[in-house]
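Below you'll find the structure, written out as structure tokens, and then a few comments.
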Amino acid sequence: MMAVAAASATALALAGCSAPADDDSEGPTTLTFWHGYTEADGEVLDQIVADFNDSQDDYVIKTETKTWAVIDDTLLPALSSDEGPDIVAMPAERMPVYADRGAFVDLTDFYDSDDSNTAELAEQSVDMVTVDGTPYGVPTGFVPLSVFYNKALFTARGHRRVPHDLGRMGRGSEGAHGR
């Protein structure tokens, strides 16, 4: 992942092990959506969902606002018991933990579809929701970061360059902020 990729960008991921969505053949399909936006951003997201629900008759998105910590603590157990969400929003850096455990749906077909508009997304934002070559989410934000550092101090510590991926940020002597 490039250094400019935002560690805090949020992605929407489809939960793969959750209970099937309510599929009432006489009405819309209901999908449960967990998110951790508890401030004004949550109100904006809830309005976007309400607008989507009002815009068509095939699907109803039911939001459940939880703190990020609650999502982290309860997502895997909820999915294991078929009580998890169909869709979840989370910071992109948390996605590999869940993808590695099979909690998300492979979205390759969605990204390959001409109807998805994914070709219009910034490549780096798609990289943030991709784990081991497989896309598991759809980026909802992309915030470039800047790194400021003292080259002389880095050189004195034996560093040849600033860390270039999130996997090395903050780890031992290779970390961006050192010790």
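The values are calculated or read from the model by the stated rules, or taken from the named source; none is laboratory data. If you're wondering where the values come from, they're calculated on a predicted model, not measured in any experiment. Cβ: placed from backbone, ideal geometry, glycine included. Neighbour counts: every protein chain shown. We work out accessible area using only protein heavy atoms, side chains counted, and drop any ligands, DNA or RNA first. Shrake-Rupley method; radii C 1.70, N 1.55, O 1.52, S 1.80 Å.
Of all residues in the range 53-71, exactly one satisfies the criterion of being over 20 Å from the mean Cα position of the chain (by Cα) and hydrophobic (A, V, I, L, M, F, W, C), namely Val60.
Evaluate the range 106-114: report whether one residue or more is open to solvent by 60 Å² or more (accessible area, probe 1.4 Å), closer than 20 Å to Leu31 by Cβ and out of contact with any strand residue (DSSP E or B) (no Cβ under 8 Å at 6 or more places or on another chain). Yes; the residues of the range 106-114 include at least one that is open to solvent by 60 Å² or more (accessible area, probe 1.4 Å), closer than 20 Å to Leu31 by Cβ and out of contact with any strand residue (DSSP E or B) (no Cβ under 8 Å at 6 or more places or on another chain). Scanning the range 52-64 for residues that are within 17 Å of Thr140 (Cα to Cα) and open to solvent by 70 Å² or more (accessible area, probe 1.4 Å) yields one hit, Phe52.
Of all residues in the range 65-91, count the ones that are over 11 Å from Trp34 (Cβ atoms), in contact with a Ser or Thr (Cβ under 8 Å, 6 or more places away or on another chain) and either open to solvent by less than 20 Å² (accessible area, probe 1.4 Å) or among the hydroxyl-bearing types (Ser, Thr, Tyr) (or both). Residues in the range 65-91 being over 11 Å from Trp34 (Cβ atoms), in contact with a Ser or Thr (Cβ under 8 Å, 6 or more places away or on another chain) and either open to solvent by less than 20 Å² (accessible area, probe 1.4 Å) or among the hydroxyl-bearing types (Ser, Thr, Tyr) (or both): 1 in total. The residue that is most open to solvent (accessible area, probe 1.4 Å), counting only those in the range 128-147 that are modelled with pLDDT of 90 or more and farther than 24 Å from Gly42 by Cα, is Asp132. For the range 24-44, filtering for residues that are outside any loop (DSSP other than H, G, I, E, B) and surrounded by 14 or more Cβ atoms within 10 Å (Cβ to Cβ) leaves 8.
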